[in-house]
Each structure stands twice: as structure tokens, then as C-alpha cells.
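The values are calculated or read from the model by the stated rules, or taken from the named source; none is laboratory data. What you are looking at is a predicted structure, and each value in this text was computed from that prediction instead of being measured. In this analysis, Cβ positions are derived from the backbone assuming ideal geometry, glycine residues included, and neighbour counts consider all displayed protein chains. Keep in mind that these areas ignore ligands, DNA and RNA; they rest on the heavy atoms of the full protein, side chains included. Shrake-Rupley method; radii C 1.70, N 1.55, O 1.52, S 1.80 Å.
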Protein chains: 4
Amino acid sequence: MSKPLVFPALEQFVAATAGRNMTKAAYVAVTSGVIMMLLLTVDPAYEAAHRWVDAVLWACLNFFVFEWAVRLRHAYYAERLWGYALSGRGLVDAVAATAVPIALVLGANPKTAWLLGVFWMFKVVPGIPGLRQLRRVLVLESGPLLSVLVIFLMVLFVASVVVHYLERDAQPVAFGSVPATLWWAVATLTTTGYGDVVPITPLGRLVAAFVMICGLGVFGLWTGILATGFAAETRRDNFLKTWESVSKVPFFAALGPSAIADVTHMLRTMDLPARTMIIKKGKAGDSMYFIADGEVEVDLPGKKVRLGEGAFFGEMALLGNNMRSANVTTTRVSRLLVLDLVDFRLLMARHPDLAETIDAEAKRRALENK
Amino acid sequence: MSKPLVFPALEQFVAATAGRNMTKAAYVAVTSGVIMMLLLTVDPAYEAAHRWVDAVLWACLNFFVFEWAVRLRHAYYAERLWGYALSGRGLVDAVAATAVPIALVLGANPKTAWLLGVFWMFKVVPGIPGLRQLRRVLVLESGPLLSVLVIFLMVLFVASVVVHYLERDAQPVAFGSVPATLWWAVATLTTTGYGDVVPITPLGRLVAAFVMICGLGVFGLWTGILATGFAAETRRDNFLKTWESVSKVPFFAALGPSAIADVTHMLRTMDLPARTMIIKKGKAGDSMYFIADGEVEVDLPGKKVRLGEGAFFGEMALLGNNMRSANVTTTRVSRLLVLDLVDFRLLMARHPDLAETIDAEAKRRALENK
Amino acid sequence: MSKPLVFPALEQFVAATAGRNMTKAAYVAVTSGVIMMLLLTVDPAYEAAHRWVDAVLWACLNFFVFEWAVRLRHAYYAERLWGYALSGRGLVDAVAATAVPIALVLGANPKTAWLLGVFWMFKVVPGIPGLRQLRRVLVLESGPLLSVLVIFLMVLFVASVVVHYLERDAQPVAFGSVPATLWWAVATLTTTGYGDVVPITPLGRLVAAFVMICGLGVFGLWTGILATGFAAETRRDNFLKTWESVSKVPFFAALGPSAIADVTHMLRTMDLPARTMIIKKGKAGDSMYFIADGEVEVDLPGKKVRLGEGAFFGEMALLGNNMRSANVTTTRVSRLLVLDLVDFRLLMARHPDLAETIDAEAKRRALENK
Amino acid sequence: MSKPLVFPALEQFVAATAGRNMTKAAYVAVTSGVIMMLLLTVDPAYEAAHRWVDAVLWACLNFFVFEWAVRLRHAYYAERLWGYALSGRGLVDAVAATAVPIALVLGANPKTAWLLGVFWMFKVVPGIPGLRQLRRVLVLESGPLLSVLVIFLMVLFVASVVVHYLERDAQPVAFGSVPATLWWAVATLTTTGYGDVVPITPLGRLVAAFVMICGLGVFGLWTGILATGFAAETRRDNFLKTWESVSKVPFFAALGPSAIADVTHMLRTMDLPARTMIIKKGKAGDSMYFIADGEVEVDLPGKKVRLGEGAFFGEMALLGNNMRSANVTTTRVSRLLVLDLVDFRLLMARHPDLAETIDAEAKRRALENK
């Protein structure tokens, strides 16, 4: 089933949003839409410029409706209409496109209806770089995190009951019921401490002091768990990303699988946009680079040399000469593998054949550049 | 000494609570009991529905009394009455069953007596998954944690004395005695900062600023210690759980003990309820699974294959094909061992024989499915 | 130069305080002294019981003066008078003994003079278990910690100047000068947030929001640094303590130095007072113990067996039987080396000879106990 | 192009500032300048001493102008005028020298113009020891940190919209528009909690409680990420610094490259100023030292021995004698490599030849000192 090209430019534009990141237009729409939604609620600003505010809001809404429609159509022709419509992405698109119109149709005050524009922000979520990593940490550590949450809730409830009992006669309004006291307890246990409601009896204050210290403890546990999970996840993530690239670099191809695992632990992946300066002449440097993907340009005196996939550069800095001798810039989007001095030494020690290759190439280049 | 089966259904019901987790009925009783206890203290709510509130509270209390009675009887016939009655569990059950009635008998105001229902919450404690781990961390790191607590107390007392001295003339009510000043100090050192009492002299504020910065330091130390302890404990816990399962998988049986320890470090245990989808067709995947316990169903085109203990699946994702080719679902409660891509590579490098087995099986399956 | 025994009982009493920990009497004196100092400042309490408060305070002071005098005398006869007097300990003792009397002699109001009794608390410092470890972490990580402190101060000053500029016309009292604004800034940057002074202009609030977020960042850096330092220090500390003990256990004597380093990493040192139950019959267990120092009593059915230095126990739990079969209690202060199940498996794999020894002994014991 | 020596003493003075650290004079100027700037805004203080305040401020300003001028001149003769002028350092110098005069020339109130003196503080930045390390952590972990920031902003905006909707009727001033509500939200989500604006409706408070708990979570994630990054960076930094030094110590020269990498992991670099006591006689010690650079003096009974580059000392403490037997002091700025007892044992086990060398030298010294 082929798809008729009604609006080729638009198709192309929307097709670009099918990947993980949003189009620039979508970012602009989300940002300006949310800002206008904020201004709408500020009476003097809205009175002064209500035409502009309304115009931008409607433009943004139309953009999102249109985006959703095109995506639905795209998914329909790709025979996965429901797959898209019920995915997280599809639901976010649907809510962004329909929430405000539905509220308006149901007769809500426009100022209230447009508040639903805050859902537009969720369209940004898939574009956040480290989100997947964050989610994995939360999932893997969910056991201990839940325990801390339960402890948190228990301290909260017990403290509320006790302080309600101690303070209800002294302050019948603020501490007259347990739910009212919970408001005080949550502000205290999270160490927010509004101070709008505060115990005044000596015993109530003693319990409050204990609650605050528990707050510190809960905080510490929470952070400790997340730090642990993060450390493990970062290691894992970096290995995965690097492994894939290492196997594409011919330089490492001669190594056995165990040596490749070893090398992978030493390298770090770096994704760079086009026209980024990687090495600046005259700066101190302590790492060398392998090109896993893309191309760089070395700005030697008198000529420019281009290095492609599988090549390496910056090795001089690791072989005694700490000052970079030429600018190196990417010519297009590139993925580099970075080898720090620390790990270069280890690599040299464990895989002397690699060391020789690098050394020979360095000498050849030095000779050539003279 | 055998036990007469008076209420077989009830026996059975309560026997189910003898394990680590509570019955669902108990969760319902705790939740609804605590909510009703909250409502009891809210005068308008209680006036509107006092019959319902009272009824639920009495029902919950009766449930806990009954649960305790049956457990005592059970323990008596198992000849460990005191062992149960004096254990943490037994005491929690006893307090939950008797606290409110005793308060009522002693003539307390019913609204006050029912507040003791907050103790019902503690019945949830044994069911919290990561609690044992939390406790081990607190015990192992108790030395440094205590040090930080003592430092905390010292800063608290010294700051209180100094600020009392500096502020007592300016604010005789709030800072007129050291105990009164302690209230300010604890709210400040925990960075809660109610703001109900605040130093106003320049020197008092200087000391207060120092106390706040100390608060940050105490926080940092606290968290640092807990993070360290948690990292060690998580590693240990995971190893223990996995070790047990690894030794049951025939696939790893041929390995020597040192290789098993090695493999154990690479695997992660995952407990799943029945009818849980582990692999979703068409999703990207980067881990394979060994079945330590239970059974899964692979939903191949045209037929359904069941895999039991000792089998593995999901290996395709690690052998070049990143897209999952079939849904896999558990048929009953199962324990799986997860091997991530990272560790799969290491395993391949260190134990090439395992790699060959997996490879051969993968080829056989691919052939069969064609 | 020998020392005349004027007060042998007192000498003995004070000599006991020469070690790292305080005597129990000193703990009592510090605690009761500080509590009385607190009560002294509470007018109603002091009026009701001024005789008692004064009596306890003078008694505590006399105790500290006497302690200091005896220690000075002791140091004099040991020919290290100045070594003691100028050490941290000696200075703390001197301040505790002389601060209050000097203040009284100089004509200070007694209520003010006794406030100096807060210095008594510092006598507790050398007895805190993990303090040395804390100090090492702070010293080793002082570089990054100082950097964070400088960043903190910079944000503080720049924010104060900017907010002073923005708010001075709107709130001339609270933000009229930079030092006054610093008070607001420190309460905000530490996320204490008293709320006694708060910016009200839109721009002032924008800067304040930025300061709060910086506060989170400073917090995070601080904690991250401390957590890192703590992890390294804990590893080091544990290794040192354990190494010493391992070399004293004959069981490990046959191992070469590299294997001992290996084993040391697996063991954990545990210091226990006399009459502490280590293993409770019927509980699940997952670790075995080596006695580095001291003695334990195994409460077997019908007889009690004592095990001394170099012996091990609890190995059954690691050899298949998870339920502890006897109570084990220390008979005197003992140092045990704990081997967790995790590490037991690794040890078995790497040092099969040790495994055999443990296995043989376990069988011998099982036979004997039948 | 040689440079005429117009003010040799001044040249010399300013040349000293070309390195990474500031001259002492510059520290004095920054500190006194900023303090005077603070005093300028305190009306009573300024009235009492306005001559002094003005004089110091002008002196500081002149100092910075002069410093900048000399540095520009220096850079001009070194043919890198723009390199310096546009570097971070150069821009900070330029702002410090010109901000206040420009403001005064533009007709700003002097009290306002001098506030720009707060920029002088930035001159301290290059002298902060761990700043480079901090920056690397922030760069390497920028992905997850940004994710957390985006989550933070989303919670902030959604909470503001919801609470604005819930509270706008009850509190039209504080919650009447979304931007006004953002002020409350940021103070709550960072757990600062001023309490100047607080929700009062039950639903508003429920959302607020949720925001506070999210605040804890954001905090925890933030810290966890930074802790992870810091641990990796510290390891890397230490290795780099130590590697350089190890290769200069002849004692380690005989080792192969893999063994040097091994040894480097065990050593820690320590930079000491002249006349610093490293070892104090009679103290307990658990580390030995290698001199990578500089010289130390060992204060033996009757004679003083000097040890230069490549020598080691303190080994007695690791060979059974825990009490240090002589004072050791640096005679000039020195870089030492510290080997802790832990690692000494490992070194002995893995490189027995090094152990023998140390042992032989220790015996020779013991013999000699008798």
C-alpha cells in the first residue's frame, strides 16, 4: 500500500519528527505556547496584548493538531495506526492536540481552558537525552526506593497523630484534625518548613525536632540509593555505546574478544556535531581519539588533511608532546572514541602491538610534516 | 500434639498470613482503618458519616484482634507461643489488637483512643521488600552515622548557647533560654527553616549563617555514608540471590566453582508474576534470559512453544538481531536470570564453550522456525 | 622517677581515662552538667530547683577540675607535661576545667558564666568511633570541598549584590545594604528559607529562584564529593583492621602473602563486648566467623563448648544447613572475622585447600555432636 | 622583539601573577575591596568612615587597572595580545578594571557603581584548586544532569498551573496568575519553603505535598549523578598525577609498564610546601613515602640526614614498628608518593623484588643508626 504524496514538503517536514527528537518548529511551538499561556493569566499583560497572545496560542494549537493528524495518517499508511495512537508518544500528541479544544467545547472559561496547554510540555520528553537511563535506575532500584517511601509515610502518619494529640488544644485550627496536621508534617519531613503552622508546646516541638532529623535521614537514604543505581547504570550504558563503535574501528579488529572487552572499558564515546573543534592548537592535551563514524580535518601548516572512519589522531599528546600541534575540526556529525592518558598507558602495557602501531604511525606523520 | 480444625477456612486464611507478606484482607483493613481514623478527627466529616466511620473502625479492630488470636493459637499448637508473642511481629500484632480497647477501658475519650489505630500501620512493615537491606546498611555503617549524629548534636548545642547569649536581650521570648533556642537551632541546622523565630542581631545572624552551612555539611556526610553502604549492600544482596539460582541452571553446571562465581557477578535475578510479558515483539532488546524457576511461553508465528527450568531465550538480540522476533510471557510465577549485552560479551570472551552452546541453540531454533 | 601513690583508688580511676574512651563517670558528668546548664536558663525551672541545679553544676565543675589536675600530675611524672597540656585533649580538659571559674572571677553574671559549660561537651569527642575516618575523608577531599565552598561564597555575594540593587527601593529595611541582603542570601542558598525577608519585585524573585536552584547544585556537589571520599576510606579502613587480625589466625597462616591480601578483602572485622549473642538458634544465617581475639561459648544440647583464638564457627550455615543449630555467645571482649556466604563461595573456588579444612572440621563436629 | 625593562620590580611582581595562582597582593586587594564595597552600602558605617572606604576602593580599583595594563603590555611583547585579552582570564581582568569606571562615567550613582566591584571576586577563580575537576564532572555528566533539570522544570510548570487553578479564587493576589504561582512552586520544589505564600485549600495542599516529595526526588537524582561522576573523575585525576611522578622514581624504573600501571593505582601524590613536618616522632604511622621531587631532612639522634629525589622513608612503620622513630621535614617544595599499609602489603605480594629492596635498605639503615 503506497502513500499518495499530497503535501510533499509537509510530509517531509513531519517525517523528520518521527525519530527520537522533535523538529525545531515543535520546540518553538512548545516554548512560545507555554509562555503565552503564562501571559494569558497575567491580567495587565493580557489586556495590553490580548490579540498577540490569542494569535500565538491558536497558532500553536493548530500546529499540534496538524502534527498529530499527519502522524496519524503516516501511521495509517504504515499499517500501525493503533500502535502509534496508543503509544506514549501518540497519547501525548493526542492530549496536546485535543485537551484545549475539548475544554472550550465543554464550555470552560477560555482562561481556564488554555491552562491545559501545559500538557504541550510533555512533547519534549522523548527528546531528553538521559531520560532512558534515569528510568532504568528508578526501575532497578524500585525495591529500596519503595521501602524508603513507606518509611517516609509511616513517620509522616505517626508524627501527625502524635502532634495532633499534643497540639490540638493549644492550636485547634492548625492541628485540630489529623489531616490538617499532615500538612504541617509533610512540610517538616521534607525539610521545606513553610512556617505557616508551627507547634508551640514543648512536647510538640520535641516531636517536630525528631521529624526534621528523620527528614535528613530519608533524604540521605533516597540519595544513597539513587547514587548507587546511577553508578551501575552509567558504567553499563557507556560500555554498550562504546562496544558497538569499537567493533567498527579496523584498528581494534585484530584483537580477540576478551581484549576488545578490555579496550571497550577504556574508551569513552563522544558524539559531536559538524564543524566542532576537537583539538585546539597550543592547548595542553591528555587524550587521543579514534574516529568511529564521520570525518575530521587536521589544520596542518600549509595544508589541510582529512581523516575518515577508523583513523586516529591526537596521539602526540600521549607520546611526550603535551602541547597540541594543530587544530582538528569535525567536517560532519561524527562519533569519536576517546582514550585518556591513564588508559593509554594501560593499553600500551597490555597490548604492546597496538602501541607499536600507534608509535609507527606517529613517526610517519612527524616525518611527513617536516 | 495435633491441632483440631475448628474453622478450616479461617485457619487456611490466617495460615496464609504466617509468611512474610500480609494477606490482601489485612492490607485493606490497615488502609481503611487508618483512613477512618483520619476522618474521625475531622469534625464535619465525622458528623456527616459517624455511623460509617465507627462501623469501619470497629470492623478493622475486630479483624486485628481475631488475626492475633488465631496466630497465638497457631503458635501455641506449634509449641512456640512465646517465640511468636515476643517477636517483633507478635508485639506489633498485640499492640494493634489491644491498644485501642485498653485506652477505651481506661476511660480515654473515644476520639483520642482511636488515634492509637495509627499503630496498625506497623503491620505493613514485614511486607516492605527492601527493608532488610536498609537495616543491614544502617547497622554496618552505624559507626560513621553515629559520629555524624554526635557532630550534629554538638553544633546544635553550641549554636544554641551562643545564639541564646547574643539574642536573649533583643528577643527575650524566643531566645530567653537555651531550650527555647534549641527549637530555633534544630529548625535551622536541618535546613527546615520555619522562620517563626529568627535572630535579628548582626552577630546572631552570622552564627545562624554558619549553622546553616554546617547543616549542608551534615547532610552531605550523612548521605555520603549511606550511599557507600548501599553500594556495598546491593552488590552483596544481588550476588546471594543470583548464586542460588545459577547453581540450579544445568547450562552453567559444567562450569567450575570459580567460573560460577564469575558468571554470578554478571547475572541479575528477576522475579516475575504469572502472565507477565517479558519480551515484546518488535521492541529493541539487549539482554537474554535464563529460566531458574517457572515457565515461559514463546508466541512464535503459528505455534506456541513453552520453555521450562534451565532453558534460555532472547539470545537473538545479543547475536546481531536487535529487534525481538516474538512475544515471550510467563505462564506462572517465575524467576529469571538476566544477562545484559555488556556481560554477554564478557562471558563470550572468558567462557567460549558457553558461547558455542548458545550459538548452536540459536542456529537450531532459527532453522526450526523457518 | 617513680610516682608516689597518694590516692591509689583515684589514680586507678583516672588512669582508666588515659585511653581513647572516657570513663562512665565522665559521661555522666558531661550529660548532667549540660542538662543543668540548660535548666539554669529556664527561669521557672531554676526558681523551683535552684539549689539542685547549682549543686550539680558545681559538682560537675569540680569533677572536671579534679580530672584535669590528676591528668596533669600523671603527665608530669611521665615526663610529658607539655605534650599533654598542649595536645587537643589537654586543651579541651583545660577549657572544661577553667572556662567557668575564669568567667566568674572576671565578674560575669553567673547565668552567663555557666553557659561556658557547653565546652564540656567537647570532652566526648575522642570517644566518637568513626571520627578519625570522617577527618581523613575531609582532609583527602579538601581540594574539591574548598572549590565548592568558594563557588558557594561567590554565588552568595553576587546574588546579594544583585538582589540588593533590585530590591533596595521596594524594601529599604531588609535589602537596604549588601550585608543585610547577605542574610537573605545565605538562608536561601542553603535552602533553609526562613521567609522573614523575601524579595517582592519580579526580577528579584527571578534571581532568588536561580539562587535556590544553585543551592540544590551546591548541595549535590558537596554530597557527591563526600560520598566518593567515604567509599574509598571505608574500603581502606576495613582492610587495615582486618589485615592485622587475619595474620593472627593460624587457619590462614599457610596462605602466601598474595592469598592473604585476597582473603583480607573478603573478611569483615567485628568487635563485640562480652556476653553478646552472635548466633541465635533457629535463625537463618549466611555467614561464618573466625575468632581473631577473645573466646566464644557454643551452647550445644547437653554441654557447652568454648572456642578460643584461631577457631571458627557457624560454617554449617554455609554448607547447606541454613538454620543455626546452637546459640553462640562471647565470654569476653572478642574480635571476630566475618565471612559472608558470597565470599565463602569465592574463597572455596580460589583456595580449595581452605575449603577442605573447613569441610573436614564441620564433619568432625557433626559426628561428635551426634 | 625584546621588552624594555621600565619598572623591573613591578614587572617582576606582575610576572609572578602570570601563573595559575594570584599574587598575595591581589588576594588582599580583592578581599579588602569587596569588604569596603559591602560597607559602602551600610549607611551608618559609611558615614562614620567614608574617607577610608573611598580610599580603599579607589586603591583597589587602581591596583586592578594597573595589573590589567601590565598584563596587556606583557602579552603585547609576547605577541599574544588578543590571545590574552579574549581569554577567560583576560576578560575577568578587563571587567574588574573597567566596570566601575564605566558606570561612573555613564553617570551612575557612586553607591550603585561600586557594587560592580563584586566582579573583582572572579579574579580568584583560576586559583581554586579543584575547579578543573568540578568542571569536567559537570561536562561528563551533563546528559543526565540536563534530564533532571528538564524534569525539574516540568514539575515546576505543571504544579504551578494546577495550584494556580486550585487556589486562584481563595488567594487571588498570591496565586492569581501562573507566573506568580511559579514563585511559590520554585520555593517549594527546592524545599526552601519561605512560607510567604502557602496554599490553603485542601486540594492545593495535596498538590503542594506532592511537589515537596518530588523536590526530595530531584535532589536525590542530582546528587546521585554528581557522586557517580565525581568518583570516576577522582580516580582518573589521581592516576594521571601519580603516573607522571612514578616514572621519575628510579626505584620503580625496573618494573615493566604493566607493573607500573599497577603500582600507580596504589600510590597517592602529595604536594608539600617547604618546612612541613611529614612524620612526627612517636606518632603511630601506617604509610611510607617516596620522594618524586624535592628533598626531606630526617632528624636522627645526633645527626640530620637529607634524602633527595628517588629516595624513600617511613618504611619502618610498615615493617612491624608502628611508632615513628624520627621527625621528617621537607626542606623545599616537594612532591611525595604515599604508599599506605594496605597497598604496601599488596605490593609486597605482587612484586617481591621491590619488597626485598625496601627490606634490605631498612636493615642497612637500622644498622647504620645503631
Could you run through region B:321-347 and say how many residues are within 11 Å of chain A (Cβ to nearest Cβ), in contact with a helix residue (DSSP H, G or I) (Cβ under 7 Å, 6 or more places away or on another chain) and open to solvent by 40 Å² or more (accessible area, probe 1.4 Å)?
1
When you go through (1) facing another protein chain (nearest Cβ under 9 Å); (2) within 20 Å of the chain's Cα centre (by Cα) one by one for C:Arg135, which number turns out not to apply?
(1)
Condition test on C:Thr201, is it facing another protein chain (nearest Cβ under 7 Å) and in contact (Cβ under 8 Å) with a residue 12 or more places away in the chain?
no
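Would you mind stating whether C:Ala180 is at pLDDT 90 or above and either within 30 Å of A:Gly220 (Cβ to Cβ) or within 7 Å of another protein chain (Cβ to nearest Cβ) (or both)?
Judged against the criteria, C:Ala180 is not a match.
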Does B:Gly117 fit the bill of being closer than 30 Å to A:Phe219 by Cα and open to solvent by less than 60 Å² (accessible area, probe 1.4 Å)?
yes
Would you mind stating whether A:Val186 is closer than 23 Å to B:Ala227 by Cβ, within 31 Å of the chain's Cα centre (by Cα) and more than 9 Å from chain B (Cβ to nearest Cβ)?
no
Could you tell me whether region B:146-157 includes any residue that is closer than 21 Å to C:Arg132 by Cα, more than 9 Å from chain C (Cβ to nearest Cβ), open to solvent by 20 Å² or more (accessible area, probe 1.4 Å) and touching a Gly at 6+ places or on another chain (Cβ under 9 Å)?
yes
State whether one or more residues within region D:48-57 are touching a residue at least 40 places away in the same chain (Cβ under 8 Å) and over 30 Å from D:Asp237 (Cα atoms).
yes
Are any of the residues in region C:80-101 closer than 13 Å to C:Val34 by Cα, within 12 Å of chain B (Cβ to nearest Cβ), surrounded by 20 or more Cβ atoms within 10 Å (Cβ to Cβ) and touching a residue at least 24 places away in the same chain (Cβ under 8 Å)?
no
Go through (1) under 27 Å from C:Thr223 (Cβ atoms); (2) open to solvent by 20 Å² or more (accessible area, probe 1.4 Å) for D:Ala108 and report which single condition fails.
(1)
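Residues checked against (1) out of contact with any Pro (no Cβ under 8 Å at 6 or more places or on another chain); (2) over 28 Å from A:Val161 (Cα atoms); (3) at pLDDT 90 or above:
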| residue | (1), (2), (3) |
| --- | --- |
| B:Ala16 | yes, yes, no |
| B:Thr23 | yes, no, no |
| B:Ala26 | yes, no, no |
| B:Val30 | yes, no, yes |
| B:Asp43 | yes, no, no |
| B:Asp54 | yes, no, yes |
| B:Asn62 | yes, no, yes |
| B:Arg80 | yes, yes, no |
| B:Tyr84 | yes, yes, no |
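Out of region D:33-79, which residues are hydroxyl-bearing (Ser, Thr, Tyr), within 14 Å of chain C (Cβ to nearest Cβ) and open to solvent by 30 Å² or more (accessible area, probe 1.4 Å)?
Answer for region D:33-79, where residues must be hydroxyl-bearing (Ser, Thr, Tyr), within 14 Å of chain C (Cβ to nearest Cβ) and open to solvent by 30 Å² or more (accessible area, probe 1.4 Å): just D:Tyr46.
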Being at the interface with chain A (Cβ under 7 Å from one of its Cβ atoms) and aliphatic (A, V, I, L, M) is the filter here, so list the residues in region D:189-198 that pass it.
D:Val198
In region C:309-360, what residues are in contact with a Phe, Trp or Tyr (Cβ under 7 Å, 6 or more places away or on another chain) and of a type in the set (Gly, Ala, Ser)?
C:Gly310, C:Gly314
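Say we look at region D:254-270 and pick out the residues that are at pLDDT below 75 and not in a helix (DSSP H, G or I); which of these is surrounded by the most Cβ atoms within 10 Å (Cβ to Cβ)?
So, considering only residues that are at pLDDT below 75 and not in a helix (DSSP H, G or I), the one surrounded by the most Cβ atoms within 10 Å (Cβ to Cβ) is D:Leu255.
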Residues being closer than 19 Å to C:Thr31 by Cα and either more than 9 Å from chain C (Cβ to nearest Cβ) or open to solvent by less than 20 Å² (accessible area, probe 1.4 Å) (or both): count how many of those fall in region B:158-169.
3
Out of D:Pro250, D:Pro199, I need the residue that is closer than 25 Å to C:Val197 by Cβ and out of contact with any Cys (no Cβ under 8 Å at 6 or more places or on another chain). Which one?
D:Pro199
Which condition from (1) at pLDDT 75 or above; (2) of a type in the set (D, E, K, R); (3) closer than 22 Å to C:Asp343 by Cα; (4) touching a strand residue (DSSP E or B) at 6+ places or on another chain (Cβ under 8 Å) is the one that B:Glu297 breaks?
(3)
Flagged pairs (Cβ under 7 angstrom, 6 or more apart or on separate chains; first in region D:211-222, more than 7 Å from chain A (Cβ to nearest Cβ) and over 15 Å from A:Gly229 (Cα atoms); second surrounded by fewer than 21 Cβ atoms within 10 Å (Cβ to Cβ) and among the β-branched types (Val, Ile, Thr)) are D:Val211/D:Val155; D:Cys214/D:Val155
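In contact with a Pro (Cβ under 8 Å, 6 or more places away or on another chain) and either on the phi < 0 side of the Ramachandran plot or open to solvent by less than 20 Å² (accessible area, probe 1.4 Å) (or both), is that true of C:Pro172?
No.
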Can you pull out the residues in region D:195-230 that are under 17 Å from C:Leu221 (Cβ atoms) and open to solvent by less than 30 Å² (accessible area, probe 1.4 Å)?
D:Val218, D:Phe219, D:Gly220, D:Leu221, D:Thr223, D:Gly224, D:Ile225, D:Leu226, D:Ala227, D:Thr228, D:Gly229, D:Phe230
Criterion first (open to solvent by 20 Å² or more (accessible area, probe 1.4 Å), of a type in the set (Phe, Trp, Tyr), in a helix (DSSP H, G or I) and at pLDDT 90 or above) does D:Phe251 satisfy it?
no
Can you find a residue in region C:302-320 that is within 14 Å of C:Thr276 (Cβ to Cβ), at pLDDT 85 or above and open to solvent by 30 Å² or more (accessible area, probe 1.4 Å)?
no
